[in-house]
Every structure is written in structure tokens, then in C-alpha cells.
1. Where nothing but the Cβ of Lys and Arg (+1) and of Asp and Glu (-1) is charged, how large is the charge dipole of the chain around its Cα centre, in debye to the nearest 20?
2. Let's see if you can work this out: charge +1 on each Lys and Arg Cβ, -1 on each Asp and Glu Cβ, no other charges. What is the dipole magnitude of segment 279-361 about its Cα centre, in debye to the nearest 20?
3. What is the dipole size for segment 15-134, taken about its Cα centre, with +1 at each Lys and Arg Cβ and -1 at each Asp and Glu Cβ, in debye to the nearest 20?
4. List every residue whose amide H lies under 5 Å from the amide H of Thr131, counting only residues 5 or more places away in sequence or on a different chain, with H placed 1.01 Å from N in the peptide plane.
5. Using r as the Cβ-Cβ distance of Glu303 and Arg74, and R0 as 56 Å, what FRET efficiency do you calculate, to the nearest 0.05?
6. For segment 33-38, in order, what is each residue's ³J(HN,Hα) by Karplus, 6.51 cos²θ - 1.76 cosθ + 1.60 with θ = phi - 60°, in whole Hz (x at glycine and Pro)?
7. Which value, in Å² rounded to 10, gives the accessible area of Cys120 with a 1.4 Å probe and all protein chains present?
8. Residue by residue through segment 89-105, what is 3J(HN,Hα) from phi via Karplus (6.51 cos²θ - 1.76 cosθ + 1.60, θ = phi - 60°)? Round to whole Hz and write x for glycine and proline.
Amino acid sequence: LFCCSLTMALVSFQEFLDFFPQLTQDLISELQPLFEMPQYAVDYLQKLCDYNVPGGKLNRGLTVPHALQAIKGRELTLEERKDAIILGWGIEWLQAYFLVADDLMDQSKMRRGQPCWYQCEKPIEGSNGETIGVIASNDSFIIESMIYRIFKKYFRSRDFYVDLLDLFHEVSYQTQLGQLLDLTSQPSVAKKNLDLFTEETYKRIVKYKTAFYSFYMPVALAMMLAGIYTEDALNTARAILLPMGEYFQIQDDFLDCYGTYEQIGKIGRDIEENKCSWLVVQALKRVTPEQRQILEDNYAHEEVECVARVKQLYQELGIEAIFHAYEEESYQQLKSLIDSAENVPKAAFEGLLSKIYKRKL
């Protein structure tokens, strides 16, 4: 929980989720009068939103009202709750945009316990069982554009509107650059080069692909609503939240390998997909020449035996214990960063850290 008085009601998961139909209705209701969309396209876009936007844990979106309440140090007014919830949903729409595109690029199978959007049957009468396929690429663009339709409706007259748009464009660009780094960490699909999996490369990918939009953005939005969106305060926030995002992604990499389908809602495929994962980076720092050859022979292969051999090597190297030691050390470092922060409300960062410490999903 965020570090607020227990007598102050935080925005709950259900309260946040209950606002989703209003935002989709705002979007869907303008498709015919403003954009001449036929009914089948309206139905398609309704399904696009319902299937892809609200299905996750909603932690990024919920962080906005929770962080705002921590900054304010009091229960939010109805208007403050509404503003924070809408901005939180902006992040969830952004997340959906990234995931629909990412799953298509990675050819992933499952996401949040259901088939990836591109693998679903086209939600159009007469599709004869054809899947959405590469149409998902355009669908991801539409999801992104929807963010700015929502913001135009609710925030166009607000003083922070330009800053809001600038933040979303900036963070989107940073995340896209991170995705590029991730997808090109191995220049050749046919021939892998494990020498490219360095700690420096890994940290850069995580910073841009995950940390900005998952950790910096929600708190920055809360700071915007609280009227403390200054350069000094944002610099302090970044200094705390980007390392926190790295901490989160390393947990994610660990769960990709060791988490169950029931835990994480997907089948981990970092080994098969030749990902620059924290686990392989740590393994490469510790392997003997013989163990290095095992990685060369088995990493980035689809065969079950190859994946099992990589995981066995991780066990031999003690990667699980190395992760747990890293997790505790990083937690203490993040607490120290928060404690030394001077020009930002510490409660917002403490609450976020408490949410992810030793998480299992």
C-alpha cells in the first residue's frame, strides 16, 4: 500500500476499472458521427479496446492516483480522483499499444492469460476463422491515437495540457527506442553472438523500454496534477524511478524463467527468443569455457531440451541465489535514494517500492 493514513481511501482497483467503460464510450460514440465508420468497424474497435486495455494488473494506471494522494497527504477530492484515474488510463492505453505491437513482433502466443490479439479471429462477421495477423500493427497505432482523443476531451483547457502531450510523446519515443535496442541486440537472427549481451547493453534496453513508461511516467503525471512538475523535482524523480524500473525488469526476467503460467499469465520465452535477459547476462559473467559452449549450443533454440539445459546451467551457476541477493541489495539502495531525496514527496516513491518488493507476479 502507499504510505498514506489508513483512514484515507485510496482509489481501488474496482473504482479505477469502473471508469474504463466511460472512456471507451467516449471513443466509440464519435466514430460514426465524426469519422463515418460503419458498424462493423465500430464493433471491431470496441473489441480492440475491451480485449487489450483493461486485462492486466493496472498497476501503472493505479500508481497515478495513489502517488497523487501520497504527494497531497490527504484523501483526494472527487475531481482529483477523476483526473488521476483518466491519466492513469492513458498509461494503460499506452501499455496496450506497446503490447499489441510487441506481441506481433515477437510472435508471442499468450498475453495476460489469453491469446495475443494478433492470433485472435478477426471480430468481423464472415471472417471465416481468419486471424487478425498483421492488421494488429494498425490496431496498435489506433490504440495510441485513442490516448490523445481522451486527453483532448478531458484536459484541453487545462494549464498542463501541453506538458501532458509532451510527456506522452517523449516517453513513447523513449520506449520505442528501447524496443529497437531490444529487437536488435542480436543483429542476425540466423547467427547469435552472445558477446553482445553485456550489462551495459542490458541496462540501456531496460531504461528506455521499461523504466520511463512504467515508473517515471505515472509519478510524473501525479506531480503534474499536484502542481510540482518542475525540472528539479523531475530530475530527482528520474534518479529514483529509473533504477526502480531496472529493479522491476530484472524481477520480470527472473519470473520469465522461473514463474509459472498461473503466476505471470504467459509462457516465458526469453531463452527461445534470444533475449538480452538479466539471467543470461549474469551467466555470461560467470561461465567457464565449457559452460559458455553449453549456452552457445542451447540458447535461442525452441527445443524443450535446449531450454531445459539453459535452465539447468543457470541452476549450476547459482543464478537464483544471485538474483535474491541482487533484489535485497537493490531494495536497500532504492530506500537510501528515497531517504536522501529533498525536493519531492518521499511517500510516492516509498509506496511504489513497497508494491514491487519481492513480488511474485
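1. Roughly 500 debye, rounded to the nearest 20.
2. The dipole magnitude comes to about 340 debye.
3. It works out to roughly 500 debye.
4. Lys122
5. 0.45
6. The phi angles translate into x, 9, 10, 6, 6, x Hz.
7. About 20 Å², ignoring ligands and nucleic acids.
8. Going residue by residue, I get 5, x, 5, 5, 5, 4, 4, 4, 4, 5, 6, 4, 5, 4, 5, 5, 5 Hz, with x marking Gly and Pro.
The values are calculated or read from the model by the stated rules, or taken from the named source; none is laboratory data. Small disclaimer: the values here were computed from a predicted structure and weren't measured. Positions of Cβ are backbone-derived with ideal geometry, glycine not excepted, and every protein chain shown enters the neighbour counts. We work out accessible area using only protein heavy atoms, side chains counted, and drop any ligands, DNA or RNA first. Shrake-Rupley method; radii C 1.70, N 1.55, O 1.52, S 1.80 Å.
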